[in-house]
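The values are calculated or read from the model by the stated rules, or taken from the named source; none is laboratory data. Computed from a predicted structure; not experimentally measured. Note that each Cβ is placed from the backbone with ideal geometry, even for glycine, and that neighbours are counted across all protein chains shown. Note: areas computed on protein heavy atoms with side chains; ligands, DNA, RNA excluded. Shrake-Rupley method; radii C 1.70, N 1.55, O 1.52, S 1.80 Å.
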Amino acid sequence: MSALLTLCVVLLPLATPGRGAQRREPCTDLRPLDVLAEAVPSDGAAGGVRTVQVLGARGLQLSAAPPRAWSFPASRIFFRCDLFPEEFSIVVTLKAPRLPPKKNEYLLTVVAEERDVLLLGLRYSSTHLHFLFLSEDTAGAWQTRVSFRSASLMDSQWHTLVLAVSAGSFSLIMDCGLPVDIMADVPFPATLSVRGARVFVGSRRRTKGLFTGLVRQLVLLPGSDATLRLCPSRNAQLAELSIPRVLQGKPGDNEVLKYPYEADMKVTLGSRPPCTKAQDATFWFDAARKELHLCASSQWVSVLAAKAKLDYVEEHQRLPTNSETLGLEVFGIPGVGLFVAAANRKAKSAVYKWTDGKFVSYQNIPTHQAQSWRHFTIGREIFLAVANFGPNEKGQEVSVIYKWSHRKLKFAPYQRIATHSARDWEAFQVDGEHFLAVANHREGDNHNIDSVIYKWNPSTRLFEANQTIATSGAYDWEFFTVGPYSFLVVANTFNGTSTKVHSHLYIWLVGSFRLFQSFLTLGAADWEVFRIGDRLFLAVANSHSYDVGMQLRNDSYTINSVIYELNVTAQAFVKFQDIPTCSALDWEFFSVGEDHFLVVANSFDGESFSVNSIIYRWQGYEGFVAVHSLPTFGCRDWETFDTSAGSYLIYSSAKEPLSRVLRLRTT
Ligand SMILES: [Ca+2]
Ligand SMILES: [Ca+2]
Ligand SMILES: [Ca+2]
């Protein structure tokens with residue numbers, strides 16, 4: 001959780017007496033602020049914006065545009081208040097032109113427009129990089145200049161500079177090299193007001209001193225030194241904290257982009273430009289839709305969409321199932337193979353074994369409206385628990401734990417547990433002890449009942465009830481740990497009158513789970529926990545919005561599902577992102593190489609079960625961005641798995657007896 005720890009480190013000095021009096025809330029997000037992306041003019045084509053590729057990397061050339069085209073009000077990033085951060089770093093990746101002596105070009109300025117005063121600026125000459133800022137006190141205002149020698153900046157190469165500022169300490173790092181530190185007598189002001197100011201990229205509001213090189217990255221990181229995030233880097237000259245989308249992607253990482261576009265590839269921005277023979281093989285970036293198009297044979301072809309279709313997934317296997325399938329559970333048995341257990345709606349469920357690159361039927365198991373399977377191990381014993389939603393032939397509501405017979409190579413019933421319209425089992429360990437939690441959905445018409453956590457008794461070798469937790473139409477349990485702490489979160493669907501209910505997160509404290517945090521959810525069907533680097537996220541699938549007496553409408557299903565992130569300082573999960581979904585029933589997180597993805601099971605849009613399920617890609621501070629949609633029918637559950645031949649996704653349909661295996665194209 002380095003980002004969060006950084007945040008603690010940042011807040012502490014602010015709280016220390018004597019430095020700026022009281023604790024100050026930062027005026028911006030404490031995330032990297034992509035100043036360059038913020039400044040890309042929306043009418044770029046008119047503004048003469050050009051994307052140029054040199055030495056294998058793309059940069060923006062600003063000089064054809066009037067300075068104002070590359071500016072924006074400071075209030076857009078300083079939205080909470082109007083003080084520039086007291087400590088910060090600025091990251092710039094640029095290819096600087098050779099300047100004659102005495103000429104200066106500006107990379108970034110913040111100008112108080114009414115007074116026409118430069119509040120802060122970064123400019124360079126043939127020998128120096130200058131950082132300027134305004135200091136004010138009762139005696140008046142004056143400009144301070146901190147100058148770093150930077151002779152090697154103009155060698156026609158890309159360079160990434162990090163300027164880190166903290167009080168009187170100014171530090172410049174080029175290409176993750178050794179820092180050059182300057183201690184100045186005049187500290188950077190603790191309260192530099194940017195009220196009514198404007199941020200200019202590549203100029204000081206005037207044509208004089210306009211930046212004539214290429215800029216690829218310009219990021220303000222409030223509160224911390226960006227070198228901690230950037231360095232060391234395999235490609236230090238192009239180390240990336242954040243760059244605008246139009247500059248992303250490298251040549252060769254995309255089949256479609258294999259065009260001879262090195263050296264002065266032109267990307268036009270703005271509204272749809274003409275595409276005739278003259279524009280052949282040129283690109284147009286539609287900033288509003290964030291789509292890249294290629295002019296080919298007098299037609300704009302969407303390159304990103306083409307990439308998505310080509311690169312994401314391909315159907316690998318159509319897997320007919322005994323009946324409609326709810327949950328899927330993929331698991332391996334050492335020395336035996338890879339399996340998937342399908343929870344089938346009708347009389348029997350099936351376990352399939354991966355054989356010659358396909359799932360083939362391995363064992364049928366009688367179940368009763370099975371909802372989900374959960375695989376777990378205790379020592380070398382292998383178990384599979386089914387959540388039965390319906391009663392058996394004798395009218396009893398029972399869910400069953402099966403045990404793998406190492407001799408017969410099949411699962412056999414091991415323990416029966418009375419459940420109430422069971423939806424889900426979660427298996428986990430705390431302090432070396434084994435637990436199973438069942439989500440009891442309802443008893444008769446009553447949704448407000450207890451769900452039960454069972455504990456493995458090593459002497460009886462059976463699970464015994466250990467704790468009950470009041471739930472409302474419980475649908476899913478998810479267990480996870482954070483450092484030494486164990487958590488269990490329940491998805492509550494319905495309390496008898498409304499699907500707008502709290503789903504609760506519990507923490508294990510001295511022998512039992514206690515309430516830790518509550519989330520308002522809408523017919524929550526699934527929690528997915530996942531980590532990206534040091535960050536921990538929890539995503540909830542909201543299935544529908546409904547109150548008794550209300551008519552269910554289409555918009556009851558098309559609602560937001562929510563991703564929360566753990567904030568260590570606040571000791572709570574905070575909302576990270578809303579994602580519109582269509583009766584979402586499952587989230588599945590997976591990684592390919594260094595990329596991270598979430599896929600959602602969209603099941604119903606209010607009219608049809610034929611709805612697209614969406615794959616989202618993690619894009620850093622932009623969060624999750626939809627990158628691919630897959631036609632699905634009543635999609636219920638996604639699972640991911642790897643074999644020696646590649647990575648796959650499998651999804652089930654609650655509306656037809658057909659599951660599908662998709663292969664991830666990872667080239
Ligand atoms: Ca679960
Ligand atoms: Ca899930
Ligand atoms: Ca799943």
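Quickly run through region 577-586 and pick out the residues that are open to solvent by 20 Å² or more (accessible area, probe 1.4 Å) and within 15 Å of ligand 2 (Cβ to nearest atom).
Leu585
Could you check region 613-633 and list, in sequence order, the residues that are open to solvent by 20 Å² or more (accessible area, probe 1.4 Å) and in a strand (DSSP E or B)?
Across region 613-633, the qualifying residues are Ile614, Arg617, Trp618, Val625, Ala626, Val627, His628, Ser629, Pro631, Phe633.
Scan (1) more than 13 Å from ligand 2 (Cβ to nearest atom); (2) open to solvent by 30 Å² or more (accessible area, probe 1.4 Å) for the single condition Phe589 breaks and write down its number.
Here Phe589 clears every test but (1).
Within region 352-375, how many residues turn out to be farther than 18 Å from Ala422 by Cα and buried (at least 22 other Cβ atoms within 10 Å of the Cβ)?
Total meeting the criteria: 2.
So, in region 163-194, exactly how many residues are open to solvent by 60 Å² or more (accessible area, probe 1.4 Å), touching a helix residue (DSSP H, G or I) at 6+ places or on another chain (Cβ under 8 Å) and over 22 Å from Ser152 (Cα atoms)?
The number of residues fulfilling the criteria is 0.
Kindly check whether there is at least one residue in region 87-106 that is touching a Lys or Arg at 6+ places or on another chain (Cβ under 7 Å), closer than 12 Å to Val194 by Cα and not aromatic (Phe, Trp, Tyr).
Scanning region 87-106 turns up no residue that is touching a Lys or Arg at 6+ places or on another chain (Cβ under 7 Å), closer than 12 Å to Val194 by Cα and not aromatic (Phe, Trp, Tyr).
If we keep just the residues of region 125-145 that are among the hydrophobic types (A, V, I, L, M, F, W, C) and over 21 Å from Ser203 (Cα atoms), which is least open to solvent (accessible area, probe 1.4 Å)?
Top of the filtered list is Ala141.
Quick check on region 592-612: of everything there that is among the polar types (S, T, N, Q) and more than 15 Å from ligand 3 (Cβ to nearest atom), which residue is surrounded by the most Cβ atoms within 10 Å (Cβ to Cβ)?
Among those that are among the polar types (S, T, N, Q) and more than 15 Å from ligand 3 (Cβ to nearest atom), it is Asn612.
Report the residue count in region 634-653 for those that are in contact with a Lys or Arg (Cβ under 9 Å, 6 or more places away or on another chain) and surrounded by fewer than 16 Cβ atoms within 10 Å (Cβ to Cβ).
2
Restricting to region 526-556, name every residue that is within 15 Å of ligand 2 (Cβ to nearest atom) and under 19 Å from Ala439 (Cβ atoms).
Asp526, Trp527, Glu528, Val529, Leu538, Ala539, Val540, Ala541, Asn542, Ser543, listed by residue number.
Having 1 or more residues that are within 15 Å of ligand 1 (Cβ to nearest atom) is the bar; report the strands (runs of 3 or more DSSP E) wholly within region 408-469 that clear it.
Result: 422-430, 433-440, 448-457.
Can you name the residue in region 498-525 that is away from ligand 2 (no atom under 16 Å from the Cβ) and among the small types (Gly, Ala, Ser) and, of all such residues, is farthest from Phe597 (Cα to Cα)?
Gly511
Could you list, in sequence order, all residues of region 345-355 that are at pLDDT 95 or above and either outside any strand (DSSP E or B) or closer than 19 Å to Ala601 by Cα (or both)?
Residues satisfying the conditions do not exist here.
Of all residues in region 195-208, count the ones that are assigned to a loop (DSSP other than H, G, I, E, B) and open to solvent by less than 10 Å² (accessible area, probe 1.4 Å).
Selection size over region 195-208: 2.
So in region 560-606, with the set limited to residues that are within 16 Å of ligand 1 (Cβ to nearest atom) and of a type in the set (D, E, K, R), which one is farthest from Tyr485 (Cα to Cα)?
My answer is Asp586.
Sort out which residues of region 429-446 are of a type outside the set (S, T, N, Q) and surrounded by 22 or more Cβ atoms within 10 Å (Cβ to Cβ), and write them in order of number.
Those that are of a type outside the set (S, T, N, Q) and surrounded by 22 or more Cβ atoms within 10 Å (Cβ to Cβ): Phe435, Leu436, Ala437, Val438, Ala439, His441.
Consider region 167-213. How many of its residues are over 24 Å from Glu38 (Cβ atoms) and in contact (Cβ under 8 Å) with a residue 60 or more places away in the chain?
The qualifying residues number 4.
Residue by residue through region 522-544, note down the ones that are in contact (Cβ under 8 Å) with a residue 24 or more places away in the chain, under 13 Å from the mean Cα position of the chain (by Cα) and more than 11 Å from ligand 1 (Cβ to nearest atom).
Passing the criteria: Phe530, Ile532, Gly533, Asp534, Arg535, Leu536, Phe537, Leu538, Ala539.
Looking for whichever is within 16 Å of ligand 3 (Cβ to nearest atom), under 14 Å from Val313 (Cα atoms) and modelled with pLDDT of 95 or more here; the options are Trp587, Trp638. Which one fits?
Result: Trp638 is the single residue among Trp587, Trp638 that is within 16 Å of ligand 3 (Cβ to nearest atom), under 14 Å from Val313 (Cα atoms) and modelled with pLDDT of 95 or more.
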